[in-house]
Amino acid sequence: MARIFLIGATGGVGHRLHPLLTAAGHQVTGLHREPDQADALRAAGVTPCAGDLMSLEADDFAERLVDHDLVVFSAGAAGSGLPRTSRIDGEAPLHVIEAMRKVGLARILLVSAFPEAGRAKGLGDGFEHYMKVKKEADAALTATELDWVILRPGTLKDEPGDGRVAAGWALPYGDVARDDVAAFLAALVDSSIRRAIIELTDGETPIPTAIASLH
Ligand SMILES: NC(=O)c1ccc[n+]([C@@H]2O[C@H](COP(=O)([O-])OP(=O)(O)OC[C@H]3O[C@@H](n4cnc5c(N)ncnc54)[C@H](OP(=O)(O)O)[C@@H]3O)[C@@H](O)[C@H]2O)c1
């Protein structure tokens, strides 16, 4: 059993992930920014923890991370503008890293983005900025001594997952169901994979086999 601090607990991936974690016997604390999200988290067996990534600093995270074993960062600004993207996708992971050092917490799973996302689609400056700050957060994390795993999913889809993926160090770009990203993260929590950047798309390999192949 691990005590997991889930950042992005109410999101497309996060709300699919926390039931898998609690079903596996883990204790989950879920960060949320709106007061009315607390009851739903509590009803799902998650301990709600209020906080806005636009304002939380390292000391604020440190207070919240005490008595946890692992952080999963699956928050994102979701195209809500450059300043929010800078803060939520770029700077918040750095504050979390600093907080983890303060409290002696080592393991973090960071959801990043597939480097080829949106390539040649002319998605504009906001998307380019998003990709830039995601990569900067990845680079900062890989430079630490922490026990990190960075997951780079392809374009996220809401269609039901089938528990089959392609996972590897470098893959052709593709889509991936949020269900399968959540299931893959849950499997990563229980794996000994560390200090690895993993790309993830839809595929044909059952998730446990895909995880085993990465050890
Ligand atoms: N979309 C894609 O195709 C794609 C592809 C690759 C990687 N990713 C990455 O995958 C991850 C998960 O994506 P997703 O689809 O689950 O994203 P999502 O549905 O937009 O969820 C984002 C989460 O971040 C939280 N959040 C946003 N701003 C916040 C703030 N100021 N304070 C606290 N929490 C805040 C949201 O809370 P609320 O519920 O309150 O909004 C939500 O829980 C993200 O890191 C994203 O960048 C996305």
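The values are calculated or read from the model by the stated rules, or taken from the named source; none is laboratory data. Since this is a predicted model, take the numbers as computed values, not measurements. With ideal geometry, Cβ positions are generated from the backbone for all residues, glycine too; neighbour counts draw on all protein chains shown. Ligands, DNA and RNA are excluded from the accessible area calculation, which covers all protein heavy atoms including side chains. Shrake-Rupley method; radii C 1.70, N 1.55, O 1.52, S 1.80 Å.
Worth pointing out:
- Count of the stretch 97-114 residues which are farther than 25 Å from Thr155 by Cα and within 16 Å of the ligand (Cβ to nearest atom): 2
- Which listed residue is among the charged types (D, E, K, R), surrounded by 16 or more Cβ atoms within 10 Å (Cβ to Cβ) and either modelled with pLDDT of 95 or more or closer than 24 Å to Ser86 by Cα (or both), from Lys132, Lys157: Lys157
- Test set (1) touching a helix residue (DSSP H, G or I) at 6+ places or on another chain (Cβ under 7 Å); (2) farther than 26 Å from Ala210 by Cβ - Gly124 fails condition number: (1)
- Residue match in the stretch 189-209 (condition: on the phi > 0 side of the Ramachandran plot and open to solvent by 70 Å² or more (accessible area, probe 1.4 Å)): yes
- Note on the stretch 1-20: residues that are open to solvent by 40 Å² or more (accessible area, probe 1.4 Å) and out of contact with any Ser or Thr (no Cβ under 9 Å at 6 or more places or on another chain) total 6.
- Identity of the residue in the stretch 117-129, over 13 Å from Gly79 (Cα atoms) and hydrophobic (A, V, I, L, M, F, W, C), that ends up least open to solvent (accessible area, probe 1.4 Å): Ala117
- Conditions (1) within 27 Å of Gly81 (Cβ to Cβ); (2) loosely packed, with under 14 Cβ neighbours inside 10 Å; (3) away from the ligand (no atom under 14 Å from the Cβ); (4) not acidic (Asp, Glu): number failed by Ala143: (1)
- Hits in the stretch 21-50 (condition: open to solvent by 70 Å² or more (accessible area, probe 1.4 Å) and under 20 Å from Ile207 (Cβ atoms)): Ala23
- Within the stretch 146-156, the set of residues being more than 10 Å from the ligand (Cβ to nearest atom) and β-branched (Val, Ile, Thr) comprises Val149, Ile150.
- One residue stands out among those in the stretch 1-28 that are touching a His at 6+ places or on another chain (Cβ under 7 Å) and closer than 18 Å to Leu188 by Cβ: the one that is nearest to the ligand (Cβ to nearest atom), which is Ala9.
- Residues located in the stretch 68-85, provided they are in contact with a helix residue (DSSP H, G or I) (Cβ under 9 Å, 6 or more places away or on another chain), away from the ligand (no atom under 13 Å from the Cβ) and part of a loop (DSSP other than H, G, I, E, B): His68
- Only residues that are within 18 Å of Met1 (Cα to Cα) and either away from the ligand (no atom under 12 Å from the Cβ) or modelled with pLDDT under 95 (or both) were counted across the stretch 29-45, and they come to 3.
- Any chance Met100 is farther than 25 Å from Val28 by Cα and open to solvent by less than 70 Å² (accessible area, probe 1.4 Å): no
- Of all residues in the stretch 86-96 being away from the ligand (no atom under 11 Å from the Cβ) and either among the charged types (D, E, K, R) or crowded, with 24+ Cβ neighbours inside 10 Å (or both), the one that is farthest from Glu128 (Cα to Cα): Val96
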